[in-house]
Structure formats: C-alpha cells, structure tokens
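Next up is a structure, given as structure tokens.
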Amino acid sequence: MNGITFAQPLFLYLLAVIPAMVVFYVLKQQKTTASLRMPALNPFAKAGTTFRHYIRHILFSFRTIAVALIIIVLARPQATNRFQNVSTEGIDIVLAIDISGSMLARDFKPDRLEASKNVATEFISGRPYDRIGLVVFSGESFTQCPLTTDHAVLINLLREVQSGMIEDGTAIGNGLATAVNRIKDSKAKSKVIILLTDGVNNRGEIAPATAADIAKTFGIRVYTIGVGTQGMAPYPVQTPYGIQYQDMPVEIDEAVLQDIAKTTGGKYFRATDNTKLSQVYNEIDKLEKSKIDVRQFNRKEEKYLLPAIIAFCLLVLEIILRNTVLKNLT
C-alpha cells in the first residue's frame, strides 16, 4: 500500500465549513444571556461552575467531527496498491568453473577457487531476472545446478563447490560441452556461457575447438576467463608432511581460450588478481544487459466505511447526550 487517494477530491473543499462552524459557535456562546434576572447574585457567588457546564461543548465537538468525516466519505478515500509487472527480453547464462587442484593456488585471496566463487556470487545477485546455471569441471564435468531463476538455491550450490569433488585434471572441452548441453535448448533470445579456468586442456574426450563449434551452431556466445597471475604462483603440492605451497610457473592456454571466444562471438579476459577478476565480471555484466520493460498498474480499495461508521456513531451519541445527560444544558 503506497497511500490514500480520493476519487472525488473536490468534496474536500467543503472542509472549509469547519472553521466557519467553530467561529459561529464561539460567537453564539458569547451572546448567550440568562433568561432569569435576579436583583442580586450574592446568594450564587459560591455556587461555582460544574463539570456538566464544560462538557456541554462536547456535543459541538461531536457534530463538528462528524461533519468533517461525512465530507471525507463524500470524497471517497481509497487505498492504492501498486504492482510492477516486469518482463525481460531474456538472457540465459551458464557459469562453467574449473575446480581442478591448481585452482587452490594462492595468487588470489584466499585462493583462485574461493575468489571465483565470491565474484560469481556477486554477479548472480546482480542479475535477478536472468536464468543462470552452474557447471563445474576438472578431469570430468557435471552440472551442479541447471538453469534457474531461484538464485538463492544457485548460490547455495555454488558455495558447496570444492576442489576434489571429481577427478583432477583440466578438461576444458568437456566443461564447455556440458555447459552447451545445458543451454542449447533454451528459448532465450541471448544464450551465454562464462567459462573460467586456470590451466591447459589435458583431459577429456571433447576438444575445446569442437565444443566451441557446437556452441556456435546453437547461437551460444562464450566468454572465457583465464585466472592466474603473471609468472610464478604458490601452488598446493602433496608432500609426506601434508599439503605445502611451492612457487610454480602459471600456465594458461590463452590461445585456446581466445579461439573459443572468437569462434562463438564472445571475448577473452585475463584476470591476474581478485580486483581484476571482479572487473572482468562487471564488464561481462555490462555486455550482457537484459532489456527490462516495466508495466505498472494500480488496484484501489475503498476506505470510506470506517469514517462513515465513526460519523454515524458520533451523531447518534450527540443525540443521546442532548436528550439525556446534557438535556438541561443545551
């Protein structure tokens, strides 16, 4: 409910009679004279003014309030409920995220995978009208969440993603193919895959170029993101003393990622730290803005009943008091 409006607001001008009624009543009280004259008032000097003398004015108050409420009833107060019917042009997006062991490298804070999940969560939250799905891959690939507008469920499933869920490796082609399979039958006017990886394709039955050609066939645009600093980065390594981090060269198959983006009409991005990764998603967000048409309509609910009941009760109460308790004072 956004407020009260009036269907017949011109009747509200009649409220000007209220001040006139007050002035008339005051003048009338000043001109009131006694009907019985006494040669001396000394016997009544100690009589004082009773409470009933003052409450006689309550009758006028009841009548004045009742008149004001009747005028408001004539103006027909209405409560307005406003609704927005939002329709979008439609963009379906699948996030394909690498969860291989190298995504635990510490050149991002706290690591590449957690940084990617955090930025992806912000991206999802910023697109409330799009259907978004999630595919994860390493040595194999699978769908963590199909296309959905229930972003709360999607974000919860994204938070559950961990490295080691599936066999290690980097199957870029399989990850892309799984994402294509999830979005290819979409009726949306724009179909997008955001593929994020930090390595070189070394596993899988489907070549990245083949998966890119399939995406192009179905009119799917692929944005590719390579995550990793330039030069060396601390990678997790299993040792007899547990997991330790050793500086190793960062190897990202940028040529393959660039070819995928070029084939499908997308764009390749390189993210070297948390800030740059966030900027990449912001740029993709701007490139893939859905067209939103908002139609607003109102529903009005009559609200005259309550003031009408109050006015009626005040008038009835005035009549009762005038003819009973305050009969001799009016």
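Bear in mind that the values in this text are calculations on the coordinates, not laboratory data. Predicted, not measured: the structure shown is a model, and the values here were computed from it. Using ideal geometry, Cβ is built from the backbone for each residue, glycine included, and neighbour counts are taken over all protein chains shown.
If you place +1 on the Cβ of every Lys and Arg, -1 on the Cβ of every Asp and Glu, and leave all else neutral, what size is the dipole of the range 90-290 about its Cα centre, to the nearest 20 Debye?
Roughly 780 debye for the range 90-290.
Identify all lysines with a Cα-Cα distance to residue 300 below 28 Å; exclude those on the same chain that are fewer than 8 residues away in sequence.
In chain and number order, there are no partners.
On alpha carbon coordinates alone, what is the Rg over Rh value for the range 90-290, Rh being the Kirkwood radius?
0.95
Sorting check: for 233-239, 129-135, which peptide has the highest mean count of neighbouring beta carbons within 10 Å, and how do the rest follow?
129-135, 233-239
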